[in-house]
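Data first, discussion second: the structure below is written as structure tokens.
The values are calculated or read from the model by the stated rules, or taken from the named source; none is laboratory data. Remember, predicted model here, so these are calculated numbers, not experimental data. For neighbour counting, all protein chains shown are included, and Cβ atoms are generated from backbone atoms with ideal geometry for every residue, glycine included.
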Amino acid sequence: MSITVLHEEVEHLAAAELAARLFAENTGAPACITSSFQAEDMVVLHLIRKHAPDVPVIFLETGYHFAETYAYRDQMAKEWSLNLVNALPKTTVAEHESALGKLYIVDPAQCCQIRKVEPLMRTLEPYHLWFTGLRREQSPTRKNLRKMELHTLPTGTQLNKISLLADWTWQQVLDYCAANNIPHLPLYEKGYLSIGCEPCTTLSDDPNNPRAGRWGGKKLECGIHTFTEKETAPQA
Ligand code: SF4
């Protein structure tokens, strides 16, 4: 199935308008969203469920998330009747730590590769539209994010990565959640600004850099948004 590739021409579209256009012009195209159940992911999910109520919600189940994240994931999956897909690594945490120890301390890049990147690569294979909650404001590594990018998985499979909120501010995210009665992951109330696996998430000491609390500031990305090859897309 070919996808109507819009790319640069969609940069000016508002999030809801872009979502509506993509689903209208790509009827039947397999779509998914990756979600860590942070506020941005909930906004994107709220927007696209209007067009695809059963969209697969891919959660990278590393085995290392906060208890609060698991509880919120399960609460929202039930309340919104989500088509939740837990993308699992090939090993349990017990098997992983038995073989490799606490890899998140000595080699977090390898740990993320095993428990996030590889499972995601496998899980994304069937999809043509991949929605994310990324925003440019979140990190210097995301400042050049486009709303629609063509990515190539290591197998050669190509898919369109869509970041409806690329140009949104954090305040816009909060306002959308409030206006639509979307509850927050409770960890925000404890001061966390960016929430991932528990061993690699601390409170950020820099309000201008929400991801400073991830991996002790040693890195900014787990790799799931940098492992694919991004290409200049053909225009429609
Ligand atoms: S975020 Fe930490 S615990 Fe989670 S997969 Fe990466 S290194 Fe491992």
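Residue count for region 146-165 under the criterion of being out of contact with any Asp or Glu (no Cβ under 8 Å at 6 or more places or on another chain), among the aliphatic types (A, V, I, L, M) and assigned to a loop (DSSP other than H, G, I, E, B): the result is 1.
Condition check ((1) under 14 Å from Thr34 (Cβ atoms); (2) at pLDDT 95 or above; (3) part of a helix (DSSP H, G or I)) across all residues:
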position: Leu120; (1), (2), (3): yes, yes, yes
position: Leu134; (1), (2), (3): yes, yes, no
position: Thr141; (1), (2), (3): no, no, yes
position: Asn144; (1), (2), (3): no, no, no
position: Gln171; (1), (2), (3): no, yes, yes
position: Tyr176; (1), (2), (3): no, yes, yes
position: Tyr188; (1), (2), (3): no, no, yes
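Of all residues in region 135-152, those satisfying the criterion of being surrounded by 17 or more Cβ atoms within 10 Å (Cβ to Cβ) and of a type outside the set (Lys, Arg) are Glu137, Gln138, Ser139, Leu145, Met148, Glu149, Leu150, His151. Of all the criteria given as (1) in contact with a helix residue (DSSP H, G or I) (Cβ under 7 Å, 6 or more places away or on another chain); (2) surrounded by 15 or more Cβ atoms within 10 Å (Cβ to Cβ), the one not satisfied by Gln110 is (2). Against the numbered list (1) buried (at least 21 other Cβ atoms within 10 Å of the Cβ); (2) away from the ligand (no atom under 14 Å from the Cβ), Thr62 comes up short only at (2). Sort out which residues of region 161-183 are farther than 17 Å from Phe131 by Cβ and within 16 Å of the chain's Cα centre (by Cα), and write them in order of number. Correct list: Trp170 only. Within region 95-118, residues that are closer than 18 Å to His225 by Cα sit with their Cβ atoms under 6 Å from residues that are part of a helix (DSSP H, G or I) and near the ligand (Cβ under 10 Å from one of its atoms), at 6+ positions apart or across chains, in these pairs: Pro108/Trp215; Gln110/Leu103; Cys111/Leu103; Cys111/Tyr104. Of the residues making up region 102-130, just one is within 9 Å of the ligand (Cβ to nearest atom) and hydroxyl-bearing (Ser, Thr, Tyr), namely Tyr104.
Close contacts from region 128-150, counting a first residue that is closer than 16 Å to Ile162 by Cβ and a second that is crowded, with 21+ Cβ neighbours inside 10 Å and of a type in the set (D, E, K, R), with Cβ to Cβ under 6 Å and a gap of 6+ residues or different chains, come to Trp130/Lys161; Gly133/Glu40; Gly133/Asp41; Glu149/Lys161.
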